[in-house]
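Asks: Quick one: the structure is below, and I'll ask about it shortly.
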Amino acid sequence: MKAADFSYHEAVNLQDAIKIKAQDDEAVILAGGQSLLPALNMRLSSPTCLIDISKISGLNEIKIDGQTLFIGALATHSDVMNNKTVKDNMPCMIDILKMVAHPAIRNKGTHGGSIAYGDPAAELPALAVATNAEIIVSGQNGERSINAKEFYLGLFETAINQDEIVVGIKYPLLKQGQKIVFDEVCRRHGDYAMAGLIANVMGSKNDIKDLKLVFFATGDKPDVADKTARLYLDNGYDYDKLKNSLSSEIDFAGDLNSSSEMKLHLATVLIKKVLSKLEN
Amino acid sequence: MDDIKVNQNPKLGSLDRPNSYIGRSLPRENAKKHLDGGGQFVDDLTLPRMVHVAFLRSPFAHAEIKSINTNDAKKSDGVVDVFTAKEIDEVCKPWIGTLGHLGEMRSPEQTPLAKKIARWQGEPVAVVIADSRAQAEDALELIEVDWAEKEAQVDMETALDSNAVVIHPELGNNLFWTRTVNQGDVEKAFKEADAVVEATLDFARHTGVTLESRGIVADWNKAENKMTIYHNGQAPHMMQHIIAKHLDLNEGLVRIVSRDVGGSFGIKVHVYPDEMAVTAISKKIGRPVKFIADRLESFTTDIHARCHKISGKLGVDKNGKILAMEIDDLSGIGPFSMYPRTSAIETNQVLNLSGAPYVIPNYKAVGTVVFQNKTPMCQYRAVGHPIAVAITEALIDKAAYKIDMDIDKIRKINFIPDNAYPNKCPSGVPLEDLSHEASMDKLLEIMDIKEIEVQKEEDLKKGVLTGHGVISMCEVTNPSPLFYGVGGAHISSQDGASIRLEGSGAIHLSSSITEQGQGTEAIMKQIAADQLGVKMESVRVTLGDTDATPYGGGTWASRGAGIGGEAVLKAARKLKDNILNIAAAIMQTDKDTLDIEDNNVIRKNGGEGISLQKLAETVYYRGHELPKGTNAELLATASFLIEGIPFVFTNSAMGCQVSIDQDTGIIKINKFWAVEDCGTQINPKLVEEQIRGGVIQGIGGALFEECVYDDQGNMQNATMADYLVPMAYEMPDIIVDHVTTNSGRSIIGAKGAGEAGTGGAPAVIMNAVNNALKQVNAEVVSQPITPEKILKALGKIQ
Amino acid sequence: MAANNSVNISFTVNGERFNNVNVPSRQHLADYLRSQGFTGTHLGCEQGACGACTIEMDGKAVRSCLVLASQANGTNLKTVEGFDDEMMEKVKQNFLKHNAFQCGFCSPGMLMTTKEILLNKKKLTRDEIRSEISGNYCRCTGYQSIVDAIEECINEIN
């Protein structure tokens, strides 16, 4: 399992990286490398050129930006998990990241890398969608912001252009009474989930005023279930009704560990599991 | 940790003398190098002019190879050459994986590289030899193969149907081997039974996933006509014979060196076509050749194991006494039987060992083994035991439930009593020195079943399903020649030890047993130092080198302590006797008044002795000082062999408690207990760790591991992310306890302990899961017991 | 076929300086280190899943099979051969005492993970220890003895 040959370019700054990426559509970005290198080692991916952006300074900032929490693309998962600003403003992100792989992977894997790669079983893309985050990308025509919901188009397919690189993500700060709760079902700790749910809740356990349900590992991208959320708000937890609603809203796709029918079932019970984590 | 077992074995001498090491949980000082990065694994070796290989492997389960064009590949950067079967066959003769002692066995000739037809996904078809593995892989992409895909036989249940794809037309059908065991009259007994229960269980194919993959460096030295092989295998002398035979070399000039091995569990005891190709390449090009299987090719080329569908029937009287047991087992192997141990052994053990702890006067067992176009299959830790124990113990639980008897009580009344040995198991295989009653009693004592049953009722009220199970089993260890040698295999059942006192006073020991991390070196040291009367640190050990060790069988079937250890014991005693003879001559006294303690010959009644160093100096440097005719011999060798019975069995009792999440189907193992009787324990800590490691491996097969195939015979989950091995978070702590019944077959009395954990865990887990599911009228019959299967059993999904 | 690309880099391994060495672009760090004789770092999967290749890069545990050798430019690396400070010697003594290894193949990665656990100085439960080592595959021990050893290390530190 030795990678095929490629040329390696350590980008000196963002413009440098953008320029090369624009010119060569077989060039790929190397940030943390935790998803790219397995693909290279297994020769699932044979790019001609790797653009290493990991040494570009200034892309790993974590700060409050207006009414948002800004996570720079090159912030590693460990950076985020150990960051006071994140702990004070969005502690759920830290709890979610505990589910991602294992410590050594988290020391290298980047926030932007996970968002840009868009693995359907990954937690961060679902969190971005659930919180209505904005994904900031930079390209030849400058910077633009793409709403998370519009960012994920299909299986490993995002709205980013060939010349663009993710530089950061802006998560709206949680309002008073707003909570993010989540859970996932996986075979082994750190594995990709068989099904996962991130719920954006306004209200408390017995008095939910607004609810957004975003499932992951259920299809080819984060799956938003607005109809089912409204059904829950109207009727509370009714397994059969919610299951029916989910099956009409989400195109469940089975994988090695769970069939589409099992994912539908897990998604339904996840609503109960996740919302029971709310406090009164 | 410093744990002296007082009731171990009086034949070994008093436990309170200095140098009493047998029975103590001493740390493995010799293994500390692994913590310093000092291991010497095959991939760590570099030799001058060494080249690397990568194999082109069939992407199809079954395909004709119409042509192979290697021209472009040969021109690729760093490539030395590219071979197909044509070049390899010039140097290496084919083999057949059959033996003569198990009835008719049919398997065709197999060559290192496929010739005209590839018969399993992963079968090597061509090989690139290059300066680096990366460059070899580059060249693989340039090899053009004209494939004609054929229909594949990938379902063992249809392999004998009239419209099956017959993999070897010359054999007529896909039957590799079949055997029937028939004791008594099961039909009559079932008619007389008050209750009859049945079960059909299936077990998924899975594999060993040794962390260090298979590897070999073959070094043909033309000048010396000598082949040196660095190999992470378990049985160096067996490989020595086979490589010499198939490469037409002088066996005495083939040297196999096995240094550190990163786990084996039986995976590395077989003969692999790609490894044989490597030896042939070295012979052909006259350079050292290295092959390390990467993880992807390990999944599709390491032997697989344990694919069985077994139906069983048990008849009991109204008191729970077993009258009859019948099993019918189907297993699917690869397109060839593995060489040289054959792919029949796993099924043979299922037939031999089902029902083994119990008195079952009427027993019938039919085993059928069929070819498939899948990865070849062969022995993997606890060969056959997981299936034999699972079907037996599942049937016994079912009988207990049917007649409303406690699961422990029904077992106890059916055990072969502890005082009734020698005896035979239901299939007729001889048994001796076992303790099922005492072991089960011990298990129940440490499990506190009453407490568990109370907890279970409380849990059910809260909607939580918990369950528990207890099982008993026998483990095959310390095999005699009746296992392989009798059938024509050049696999030694006799092992040897050689021990010497050197001029410096140091002790050197060599043994034909090998080390893969279980602690072979440590226990050999403990035995030698204990029996000789020297400090542990004065003994150094050589293992794993056919040039430098006695001839023997290596490590497999849990034979190291019992067979190799006995040879060490005998050799150490011989050397001690020799030393005392010399000392008596030097000290002008009777041998019986002397002993050896802490590296000194001492007078039992006090007075001046002589250090081993001074004695050795006299012998080697100043032999003229010894009385004429002393015949000073400071080197002793001894061997040991099991005679008169096919195996030395051990027994275990295991228990576990599980809970099942009814929403997600996830099973949690809350508690696990194992009581092991392996006779004398040389190092109790190492025995415990074998049990623990074995149990976890069994849990893998019970809950997580399976090789998933599509209907074209392609393995779907052949990566480390997709094939689920047990990782730390999901695994329980395991409480281990012991009963000790020494083997009467040796002085040391040690039996094997390496495989019981893996043999028993799948059975007890399945029983505990079904004990939990019974509360909601559900059951599972298939391993691995995945969340999906639980949800289906609970009716949550279809 | 692309030409054999290489990159010129400098870094240290266990305090030993590598100045202006050429590394193949495509070679991962584990392979590069092993080619330089640091064979204590092991390959188990080249996918990041087994943890056998885990080393220390600028004070953090990383999977060396998922880092390109070229990315080591300007970094300080520590492999198992360099785990010889007082804390790690105590760790090794505990591993030895509890037989927290059998074949030794997973040990370098396990030791690196243990080092990071101890440097974080938290008092972990056995379950939490299991969670921390859940990315290191061991086929031999069944993990319990490793948890025992790490638990003892944590108790000694706290």
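The values are calculated or read from the model by the stated rules, or taken from the named source; none is laboratory data. Since the model is a prediction, treat every value here as computed from it, not as a measurement. Ideal geometry is used to build each Cβ from the backbone, glycine not excepted, and the neighbour counts take in all protein chains shown. SASA here: full protein model, heavy atoms, side chains in, ligands and nucleic acids out. Shrake-Rupley method; radii C 1.70, N 1.55, O 1.52, S 1.80 Å.
Asks: When residue C:4 is evaluated against the numbered criteria (1) touching a strand residue (DSSP E or B) at 6+ places or on another chain (Cβ under 6 Å); (2) open to solvent by 50 Å² or more (accessible area, probe 1.4 Å); (3) not hydroxyl-bearing (Ser, Thr, Tyr), which criterion, by number, is the only one it fails?
Replies: If we test residue C:4 against (1) touching a strand residue (DSSP E or B) at 6+ places or on another chain (Cβ under 6 Å); (2) open to solvent by 50 Å² or more (accessible area, probe 1.4 Å); (3) not hydroxyl-bearing (Ser, Thr, Tyr), just (1) comes out false.
Asks: Scan the stretch B:546-566 and tell me whether some residue there is surrounded by fewer than 19 Cβ atoms within 10 Å (Cβ to Cβ) and touching a residue at least 60 places away in the same chain (Cβ under 8 Å).
Replies: So far as the stretch B:546-566 goes, yes, one or more of its residues are surrounded by fewer than 19 Cβ atoms within 10 Å (Cβ to Cβ) and touching a residue at least 60 places away in the same chain (Cβ under 8 Å).
Asks: Do we have any residue at all in the stretch B:467-489 that's at pLDDT 95 or above, touching a strand residue (DSSP E or B) at 6+ places or on another chain (Cβ under 8 Å), among the hydroxyl-bearing types (Ser, Thr, Tyr) and open to solvent by less than 10 Å² (accessible area, probe 1.4 Å)?
Replies: Yes - at least one qualifying residue is present in the stretch B:467-489.
Asks: Could you list, in sequence order, the residues of the stretch C:15-61 that are open to solvent by 30 Å² or more (accessible area, probe 1.4 Å), within 14 Å of chain B (Cβ to nearest Cβ) and touching a strand residue (DSSP E or B) at 6+ places or on another chain (Cβ under 6 Å)?
Replies: C:24
Asks: Taking residue B:737, is it more than 14 Å from chain C (Cβ to nearest Cβ) and open to solvent by 20 Å² or more (accessible area, probe 1.4 Å)?
Replies: yes
Asks: Further, regarding this structure: Could you check, for the stretch B:139-150, whether at least one of its residues is open to solvent by 60 Å² or more (accessible area, probe 1.4 Å) and part of a helix (DSSP H, G or I)?
Replies: no
Asks: Also, I was wondering about something else. Being touching a residue at least 12 places away in the same chain (Cβ under 8 Å) and on the phi > 0 side of the Ramachandran plot is the filter here, so list the residues in the stretch B:749-798 that pass it.
Replies: Residues satisfying the conditions are B:749, B:795.
Asks: Contact list please: Cβ distance under 6 Å, first residue in the stretch B:178-195 and over 20 Å from residue B:318 (Cα atoms), second residue modelled with pLDDT of 95 or more and among the hydroxyl-bearing types (Ser, Thr, Tyr), pairs at least six apart or on different chains.
Replies: Listed pairs, sorted by first residue: B:178/B:368; B:181/B:427; B:183/B:363.
Asks: Same structure, new question: Restricting to the stretch B:376-426, give me the number of residues that are open to solvent by less than 10 Å² (accessible area, probe 1.4 Å) and within 19 Å of residue B:773 (Cβ to Cβ).
Replies: 8
Asks: When only residues in the stretch A:98-119 that are within 13 Å of another protein chain (Cβ to nearest Cβ) and within 13 Å of the chain's Cα centre (by Cα) count, which is farthest from residue C:119 (Cα to Cα)?
Replies: Looking at residues that are within 13 Å of another protein chain (Cβ to nearest Cβ) and within 13 Å of the chain's Cα centre (by Cα), I get A:119.
Asks: Further question on the same structure: When residue B:532 is evaluated against the numbered criteria (1) under 14 Å from residue B:636 (Cβ atoms); (2) surrounded by fewer than 24 Cβ atoms within 10 Å (Cβ to Cβ); (3) in contact with a helix residue (DSSP H, G or I) (Cβ under 8 Å, 6 or more places away or on another chain), which criterion, by number, is the only one it fails?
Replies: Going through (1) under 14 Å from residue B:636 (Cβ atoms); (2) surrounded by fewer than 24 Cβ atoms within 10 Å (Cβ to Cβ); (3) in contact with a helix residue (DSSP H, G or I) (Cβ under 8 Å, 6 or more places away or on another chain) one by one, residue B:532 breaks only (2).
Asks: How about the stretch A:126-155: which of its residues are more than 14 Å from residue A:70 (Cβ to Cβ) and either in contact with a Cys (Cβ under 6 Å, 6 or more places away or on another chain) or exposed (fewer than 13 other Cβ atoms within 10 Å of the Cβ) (or both)?
Replies: Listed by number, the residues that qualify are A:141, A:142, A:150, A:154, A:155.
Asks: Continuing with the same structure: So, in the stretch B:678-723, of the ones that are within 15 Å of residue B:750 (Cβ to Cβ), more than 14 Å from chain C (Cβ to nearest Cβ) and over 18 Å from the mean Cα position of the chain (by Cα), which residue ends up surrounded by the fewest Cβ atoms within 10 Å (Cβ to Cβ)?
Replies: Ranking the qualifying residues of the stretch B:678-723, first place goes to B:680.
Asks: On the given criteria, is residue B:613 part of a helix (DSSP H, G or I) and over 30 Å from residue B:480 (Cα atoms)?
Replies: Answer is yes for this residue.
Asks: Another one. Only one residue in B:195, B:199, B:204 is away from chain C (no Cβ under 14 Å), under 27 Å from the mean Cα position of the chain (by Cα), among the small types (Gly, Ala, Ser) and surrounded by fewer than 22 Cβ atoms within 10 Å (Cβ to Cβ). Which one?
Replies: B:204
Asks: Enumerate the strands (runs of 3 or more DSSP E) found wholly within the stretch B:294-383, keeping only those where 2 or more residues are within 22 Å of residue B:483 (Cβ to Cβ).
Replies: By residue number, B:322-332, B:362-370.
Asks: If you don't mind, another one. Restricted to the stretch B:644-664, and to residues that are small (Gly, Ala, Ser) and in a strand (DSSP E or B), which residue is surrounded by the fewest Cβ atoms within 10 Å (Cβ to Cβ)?
Replies: The residue in question is B:659.
Asks: So, one more: Could you grab me the full set of residues in the stretch B:153-165 that are closer than 22 Å to residue B:202 by Cα and either in a loop (DSSP other than H, G, I, E, B) or basic (Lys, Arg) (or both)?
Replies: Correct list: B:153, B:154, B:155, B:159, B:160, B:161, B:164.
Asks: Identify, from the list B:452, B:446, the residue that is under 24 Å from residue B:660 (Cβ atoms), assigned to a helix (DSSP H, G or I) and within 31 Å of the chain's Cα centre (by Cα).
Replies: B:446
Asks: Would you say residue A:82 is within 30 Å of residue A:186 (Cα to Cα), within 12 Å of chain C (Cβ to nearest Cβ) and in contact with a Cys (Cβ under 9 Å, 6 or more places away or on another chain)?
Replies: no
Asks: So if I check each of B:615, B:635, which one is surrounded by fewer than 16 Cβ atoms within 10 Å (Cβ to Cβ) and of a type in the set (A, V, I, L, M, F, W, C)?
Replies: It is B:635.
Asks: How about the stretch C:105-131: which of its residues are among the polar types (S, T, N, Q) and open to solvent by 10 Å² or more (accessible area, probe 1.4 Å)?
Replies: Result: C:113, C:120, C:125, C:131.
Asks: (1) touching a helix residue (DSSP H, G or I) at 6+ places or on another chain (Cβ under 8 Å); (2) closer than 16 Å to residue C:67 by Cα: which one isn't true of residue A:27, the others all being true?
Replies: (2)
Asks: Right, next: Can you tell me which of B:24, B:57, B:17 is modelled with pLDDT of 95 or more and of a type in the set (D, E, K, R)?
Replies: After ruling out the rest, the residue left standing is B:57.
So that you can scan it fast, the table gives a plain yes or no per residue for (1) within 14 Å of chain C (Cβ to nearest Cβ); (2) β-branched (Val, Ile, Thr); (3) in contact with a Gly (Cβ under 8 Å, 6 or more places away or on another chain):
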| site | (1), (2), (3) |
| --- | --- |
| A:9 | yes, no, no |
| A:15 | no, no, no |
| A:23 | no, no, no |
| A:30 | yes, no, no |
| A:64 | no, yes, no |
